[in-house]
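Engineer: Sharing a structure below in structure tokens format, with a few things to ask.
The values are calculated or read from the model by the stated rules, or taken from the named source; none is laboratory data. Because the structure is predicted, anything quoted here is derived from the model rather than measured. In this analysis, Cβ positions are derived from the backbone assuming ideal geometry, glycine residues included, and neighbour counts consider all displayed protein chains. With ligands, DNA and RNA removed, areas are computed over all heavy atoms of the protein, side chains included. Shrake-Rupley method; radii C 1.70, N 1.55, O 1.52, S 1.80 Å.
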Amino acid sequence: MSLIDRLRLCLPGLCVLCGCPVCNQISLCGDCRARLPLVARTCRVCGIVMKNSDSADTCGRCQLLPPAFDRCISVFQYEKPLSNLITEFKYHGSTAKGHVLAQLLAQAFVNHYRGAATGQPVDCPHAATVWPGLLIPVPLHPNRLKSRGFNQALLLACSISRLTGIPVASGRLKRTRDTDSQSRLHARQRRKNLQRAFQAVNTGNNKELDYVAVIDDVVTTTATANAVARVLRAEGASRIDVWALARA
């Protein structure tokens, strides 16, 4: 635990949603944290929310057209108030809200893989048995990075890295096309928009790509996740988990 996190446990801060005083490592009060829309029953491959009546644990689309990645895991549904936090962080540069979101994702990440480290079962659906060896944030095009000032996926990955010790490889991929914003496109347009949008950067050592975790803020149609995973597969990645704060 960092010095800043220790201070948060001793000195009152403010909840980033309601403004009430809190003495937590994460600046969220108990009531507001309980309001965050956790994902319910999901497809164990693409992470889309499934109906309770579905008997299979994999959705029909993934059974017919398996994605390039192995797993897509999101912590929350992209609904209020979580979506408000992401908007403030991503588009308005709210560092306080970004810090809270990064901590929430990092905690969920650790909980998912904790059984791999201890050999003990954890209270987490489809918990993993081994840890990824590398964190790869989804890159922004230089033009988008310049206008926004930061890559939100990189900040999320760094938070996970601080908690787990897994290295972040922000230079293994680059975005070669300044694509239109995915948020304004439907599924087919998203896939077309991302054709040849990512490229691997050769570092001379692909052994570390054996098992990687791709980090992003929001997954909607998995178009970005698939585009990134296809490039990583071509580079030799044998297992790819995609992690995101929210699934839309």
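Engineer: Which of the residues belonging to segment 42-56 are under 21 Å from ALA223 (Cα atoms) and modelled with pLDDT under 90?
Structural biologist: VAL49, MET50
Engineer: Of all residues being among the aliphatic types (A, V, I, L, M) and part of a loop (DSSP other than H, G, I, E, B) in segment 180-220, which is modelled with the lowest pLDDT? Just the residue, please.
Structural biologist: LEU185
Engineer: Check VAL228 against each of (1) assigned to a strand (DSSP E or B); (2) open to solvent by less than 10 Å² (accessible area, probe 1.4 Å) and name the one condition it does not meet.
Structural biologist: With respect to (1) assigned to a strand (DSSP E or B); (2) open to solvent by less than 10 Å² (accessible area, probe 1.4 Å), VAL228 is out only on (1).
Engineer: Now a separate question. Take the residues of segment 95-115 that are open to solvent by 30 Å² or more (accessible area, probe 1.4 Å) and either modelled with pLDDT under 90 or of a type in the set (D, E, K, R) (or both): which is farthest from VAL49 (Cα to Cα)?
Structural biologist: Top of the filtered list is LYS97.
Engineer: Is it fair to say PRO139 is part of a loop (DSSP other than H, G, I, E, B), modelled with pLDDT of 90 or more and more than 25 Å from ARG44 (Cβ to Cβ)?
Structural biologist: Judged against the criteria, PRO139 is a match.
Engineer: If you don't mind, another one. Here are SER74, SER27, SER83: which of them is touching a Cys at 6+ places or on another chain (Cβ under 7 Å) and within 23 Å of SER159 (Cα to Cα)?
Structural biologist: Among SER74, SER27, SER83, only SER27 is touching a Cys at 6+ places or on another chain (Cβ under 7 Å) and within 23 Å of SER159 (Cα to Cα).
Engineer: So VAL168 fits all but one of (1) modelled with pLDDT under 95; (2) in contact with a Ser or Thr (Cβ under 7 Å, 6 or more places away or on another chain); what number is the exception?
Structural biologist: (1)
Engineer: Pairs, please: C-beta under 7 Å, at least 6 apart or cross-chain, first residue without any contact (Cβ under 8 Å) to a residue 40 or more places away in the chain and in segment 73-101, second of a type in the set (Ser, Thr, Tyr) and open to solvent by less than 40 Å² (accessible area, probe 1.4 Å)?
Structural biologist: Short answer, once both residue conditions are applied: GLU88/SER94.
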